[in-house]
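What follows draws every value from the coordinates through simple rules; no lab data is involved. Note that the structure is a prediction, hence the values are computed from the model and not measured. No Cβ is skipped: glycine too gets one built from the backbone with ideal geometry, and neighbour counts run over all protein chains shown.
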Amino acid sequence: MEEEFERIVREYRDKIFRLAYSMLGDRGAAEEAAQDALVRVWKGLAGFRAESSLSTWIYSITRNACLTALARGRLRTASLEDAAPRREVERRATADWFAAGPPDAAALLDRLPAKYRQVVALFYMQEKSYDEVASMLGLPVGTVKTYLFRARKSLAEELASERVRKGVA
Amino acid sequence: MACPDFEDLVRGGAGDHAAHCEECRALLDALADVDATFEAAFAGISAPPSLAAGVRARVAREFPVRRLSVLPEVLDFIGWAAVFALAAILLPRFLPLLNAAIASLS
């Protein structure tokens, strides 16, 4: 079982960390939640009956570990989901988010509805793999594609119209 | 010519229409900026090296490997020793009686 666990740690640590980071929005908290998830995997590995695939089981444990972390209120920094209200103030203070050149990622995410944010962040972390993101979030691939399409469209339209309105090339 | 919808525009890239339409070109530029921003922010994020070490340490701490107890072996030894001791005490007493019984039968 130890060899199997070592293989899981090697194979899944990055994915588990990314999933946690996309849920918690903070590297330290993500590392802690990823550790919790892997310890739970170790605890449950002997009883794992392969009724679902190993990856589905691991991702589900990771999501639960993140939800536990959020519920415990261990998180000092806000999650991606509730970042919007906090950053609203910062956004007002930092003008010209739409200026020429790549805008700020956090500012872009804040402009998205909460349910799109995690999908968008994870999509770019996972080298744009729809299947992997769907598997990690436990969502149908079609839903992931729809969320991403709507998110990118909304951001591009908003960015383009702001630039045109303000006369920024 | 009417602007294509977003999906067709993205699929067709900077085709004929986008080459002549400032609005569509701006939209494609904005989309490229959005993609570039997210890629720069999120691509290549991987677990810190301390994660695996931290997990191993926690597993070792929370689930220590239990050393097998020698108690069953000791109890087993004591039990068998008692059996042999009892046999050693009783056999010399009963062996003459047993021999006599066998002799009377024959």
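Quick look at the numbers
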| read-out | value |
| --- | --- |
| Estimated 222 nm signal from helices in the protein assembly as shown, with DSSP H stretches of n ≥ 4 weighted -39500 (n - 2.57), rounded to 500 | -24500 deg cm²/dmol |
| Simple Cβ-charge dipole of the stretch B:26-106, Lys/Arg +1 and Asp/Glu -1, about Cα centre, in debye nearest 20 | 980 |
| Any cysteine of the protein assembly as shown lacking a neighbouring Cys Cβ under 4.7 Å - listed by number | A:Cys66, B:Cys3 |
| Most positive-pole-ward Cα, B:Ala85, A:Ala107, B:Val74, against dipole of the protein assembly as shown from beta carbon charges | B:Ala85 |
| Cα gyration tensor category, rounded, prolate or oblate, for the stretch A:17-58 with a/c compared to 1.5 | oblate |
| Cα gyration tensor shape of chain B, rounded if a/c is under 1.5, else prolate or oblate by comparing a/b with b/c | prolate |
| Cut-off 15 Å between beta-carbons: net charge of the residues surrounding B:Pro4, Lys and Arg +1, Asp and Glu -1 | -4 |
